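Following: one structure in structure tokens, then a few remarks.
Here, each number is a calculation from the coordinates, and none is a lab measurement. Remember, predicted model here, so these are calculated numbers, not experimental data. For neighbour counting, all protein chains shown are included, and Cβ atoms are generated from backbone atoms with ideal geometry for every residue, glycine included.
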Amino acid sequence: MPFPIHRMRRLRASSGLRTLVRETMLTPSQFILPLFAVPGEGIRREISSMPGNYQLSVDELVKECAQAHSLGIGGVILFGIPASKDETASGAYDEHGIVQQAIRAIRREVPGLLIVTDVCNCEYTSHGHCGNIVNNDVHNDSTLEWLAATSVSHAKAGTDIIAPSDMMDGRVGAIRKALDDAGFENTPILSYAAKYASVFYGPFREAAESAPQFGDRRSYQMDPANAREAMREIELDIEEGADMIMVKPAMPYLDIIRQARDRYELPLGAYQVSGEFSMIMAAAQNGWLDLDRAILESLTSIRRAGADFILTYFAPRAAQLLA
């Protein structure tokens, strides 16, 4: 029967009704907070393009982790900025590297917090690219050795989840074999399976000091125009042993999240990247958006598209809003 028998507004009339019939729910346990570790002590250096985010020495990073844990946030993902960089990304797989130090400190001081570690090379190479440069390009297969070594060093330090973000072909299989051979067969891999060559990474490159010194990353990160290719990337990573998959960025690629959710049964994450964060913050600071509503609406859209969990710089504020 048409109107007036059916009135869709009936179930929107009050906050209680809207909450009762809400289809997509957000909880802090679905969030993973990205953090940036730097050498030193007492360092809390704000990232100018990402208000409220900081490069943190390990002692300060542990404090952030304790707060995140108290808010019920699902976990943290660690990125490291080493004291020095070289052409072989040696700081990435150094047993005493900055991320390895951070893992041990968090494990000691905040033992219940889930730790995810990003595995890539761009923060550690002097040229800012994600692998070994041969003939002015990133050499795929030799880079796999670096990624495998980094993953094992993170596992030894105590990380819960390995998250390779480099987009080298075959990296998940190489990492899985290295972890298994080292006795870490139970350490899961969260693959950045569909990572696009996106303009929305701009602020992150300031945060991680990882801008490439020449060229760009389009020869290994995905073309933003391609969707079918993303499904192939995801399928190959699953075949190689990925336990979880991720789409990055999130909001410009909600269609990719939905396609992945409909096709694959593995846990699915999405990364609300630095540019997405900074756009919302800038609009709110100019009075063009209500910040709190924009945070929750943007995160809800990512969950509605099909993501099981979200990597987001808004995790602490969102958790407080949901309390």
Where does each of 286-295, 217-226, 244-253 land if you order them by average Cβ count within 10 Å, highest first? 244-253, 217-226, 286-295
Would you please report the Å³ per residue occupied by the convex hull of the alpha carbon atoms in region 3-145? 202 Å³
Taking the Cα centre of region 235-323 as origin and charging only Cβ (+1 Lys, Arg; -1 Asp, Glu), how large is the dipole, in debye to the nearest 20? 420 debye
Here the convex hull volume per residue of region 112-227, taken over Cα atoms and given in Å³, is 121 Å³
The farthest towards the positive end of the charge dipole of the chain, of the residues Gln55, Ala307, Ile43, given +1 on Cβ of Lys and Arg and -1 on Cβ of Asp and Glu, is Ala307
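Let me have the 222 nm mean residue ellipticity of the chain computed from DSSP H runs of 4+ only, each contributing -39500 (n - 2.57), with the sum over all residues rounded to the nearest 500.
-12000 deg cm²/dmol
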Once you've got the GNM for the chain with C-alpha springs shorter than 10 Å, pick whichever of Pro34, Pro164, Pro111 has the biggest mean-square fluctuation. Pro111
Give the dimensionless ratio obtained when the Cα radius of gyration of region 173-281 is divided by 2.2 N^0.38 Å. 1.15
To the nearest 20 debye, what charge dipole does the chain have about its Cα centre, counting +1 at the Cβ of each Lys and Arg and -1 at the Cβ of each Asp and Glu? 1760 debye
Dipole axis of the chain (+1 Lys, Arg; -1 Asp, Glu on Cβ), positive-most option in Ser151, Ser15, Asn226: Ser15
To the nearest Å, what is the center-to-center distance of region 279-308 and region 30-77, using C-alpha atoms only? 21 Å
Rounded to the nearest whole Å³, what is the per residue volume of the convex hull around the Cα atoms of region 8-87? 163 Å³
Listed residues Gln100, Gln285, Gln272; largest mean-square fluctuation, Gaussian network over the chain with Cα springs below 10 Å, found at Gln285
Please list the radius of gyration and Dmax for the chain, considering alpha-carbon atoms only, with Å as the unit. 20.0, 71
Restricting to lysines and to Cα separations under 26 Å from Lys177, and discarding same-chain partners fewer than 8 apart, the set is Lys156, Lys195, Lys248
Per residue of region 52-57, in order, report the coupling 6.51 cos²θ - 1.76 cosθ + 1.60 (Karplus, θ = phi - 60°) as ³J(HN,Hα) in whole Hz, putting x for Gly and Pro. x, 10, 9, 7, 10, 5
Which of the helices in the chain, when you take each full DSSP H run, stretch at least 20 Å along the axis at their Cα atoms and have an average Kyte-Doolittle score of -0.5 or higher? 140-157, 291-305
Percent antiparallel among DSSP beta bridges with both residues in region 82-240, to the nearest 5? 30 percent
Mind checking which aspartates and glutamates have their C-alpha under 15 Å from Lys63, skipping anything on the same chain fewer than 8 residues away? Glu41, Glu109
Pick from Thr27, Thr312, Thr150: which is most flexible by mean-square fluctuation in a GNM of the chain where alpha carbon atoms under 10 Å apart are linked? Thr27
Shape parameters for region 87-135, alpha-carbon atoms, Rg then Dmax in Å: 13.2, 46
Here the Kirkwood hydrodynamic radius of region 251-323, Cα-based and in Å, equals 12.8 Å
